[in-house]
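These notes concern the structure reproduced below.
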Amino acid sequence: MRNLIVVLGLMLAPAWADEPYKEYTSAEHFEPHVSGDLQLTGTYRYWKDPAKLDLRLAGHPDDSWKLNWKHMDYPFNKEMHAGHLALDRGLTLFKKLNRSGTFKNCLVMYRLNGKYETSLRGLRTAFPAYRTDLGRVAGLEEVIEHCAALEGEVLQNGSHDNSAVSLYVASQSLGMPIQIDVSSGPLREAWKRGERLYHQKIGRNNMSCASCHVERVGQSLRATVVTSPYGDVAHYPVYRDRFGITSLHIRFAQCSLELGFNALKPGSPAYTDMEVFMTALTNGYPVSVPSERP
């Protein structure tokens, strides 16, 4: 009987579970497009079009999570909040860094498969991207840190000012759909590593990202109802009432700590792989910044 249980366990384990000292949440088949949520939670139809939200759901505590409200300016409006102040700060810093025009050129010169473009418009939709100058896949905040260093300025990935510049750059792509290609090459490899990390259990609670955002979607967790991971990246960096302006990597670090696991440094390879995975789940959904969350 014990042997039968072992065999069944191996059959049901994720394909990557080849390390006996690690545990993984049961694998979910993710589509690298926001519409993949139709198979995961079925709520995509409620929040597919940000301009046509049924706000009657927002007022119902049992149904509000179906709107995947994390994409919107909380509570579903664009009134003034601290995210707008961070956006203003980002514009000021961008102008300072770009006095000679070289900072912007550094940001955009490798976008869209190496084609040189000078506009910031659409730049946010193409990140993370493989950067030949760095020799690796990098997120926008890592590239901002790199390009600022070339201007003699320290703009640490994960810091308020780095995230503010990222927010300003993202605002130039407002309403444009995220579109990264994870079908081949370095981004494909990063996607696969990120998917694996998403399911890997860690920390004293022995949980993975998928433990909540796959297995507990629609359930209450610490007074917050867990929502779909699809479309999540469209509103980052986001202003969070408890933490201030927050980049995606800082959010990964916060989740790591909540799971009882030591947080990694923003820009670390593992977090970048996770960023690629999460961003691909947002493909096809429009950039929505500045946004606010509790």
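Read the figures in this text as sums done on the coordinates, not as results from a lab. Values in this document were obtained by computation on a predicted structure and should not be read as measured data. We place every Cβ from the backbone using ideal geometry, glycine too, and count neighbours over all the protein chains shown.
Summary table below
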{"read-out": "Of F261, G139, A190, farthest towards positive along the dipole that unit charges on Lys, Arg, Asp, Glu beta carbons give the chain", "value": "G139"}
{"read-out": "Rounded to the nearest 20 debye, dipole of the chain from Cβ charges on Lys, Arg, Asp, Glu", "value": "160"}
{"read-out": "Distant-in-sequence amide H partners of G231 (H built 1.01 Å from N, under 5 Å)", "value": "T282"}
{"read-out": "Those GluC sites (Glu not before Pro) in the range 187-294 that DSSP places in a loop and that have at most 15 other beta carbons within 10 Å", "value": "E215"}
{"read-out": "Members of K66/K201; K52/K265; K70/K96 lying beyond 28 Å, as alpha-carbon distances in this model show", "value": "K52/K265; K70/K96"}
{"read-out": "Cut-off under 5 Å, modelled amide H: who pairs with R131 long-range", "value": "R136, V137, A138"}
{"read-out": "Net lengthening on full extension, Q179/T224 (0.36 nm per residue, minus Cα-Cα)", "value": "13.3 nm"}
{"read-out": "Gap separating the Cα centres of the range 128-207 and the range 28-65, nearest whole Å", "value": "25"}
{"read-out": "Antiparallel content of DSSP bridges confined to the chain, in %, to 5", "value": "75"}
{"read-out": "Neighbour-limited loop hits for trypsin sites (Lys or Arg not before Pro), the range 224-294 (at most 12 other Cβ within 10 Å; DSSP other than H, G, I, E, B)", "value": "R242"}
{"read-out": "Sorted largest first, extent of the chain alpha carbons per principal axis (Å)", "value": "72, 47, 32"}
{"read-out": "Kirkwood hydrodynamic radius over Cα pairs of the range 82-171, then Stokes diffusion coefficient at 10 °C and 1.306 mPa s, in µm²/s", "value": "123"}
{"read-out": "Distant-in-sequence amide H partners of Y24 (H built 1.01 Å from N, under 5 Å)", "value": "K201"}
{"read-out": "Cα centre as origin, Lys/Arg/Asp/Glu Cβ charges: the range 82-171 dipole, Debye", "value": "300"}
{"read-out": "Sequence ranges 43-53, 135-145, 118-128, ranked by mean other-Cβ count within 10 angstrom, highest first", "value": "135-145, 118-128, 43-53"}
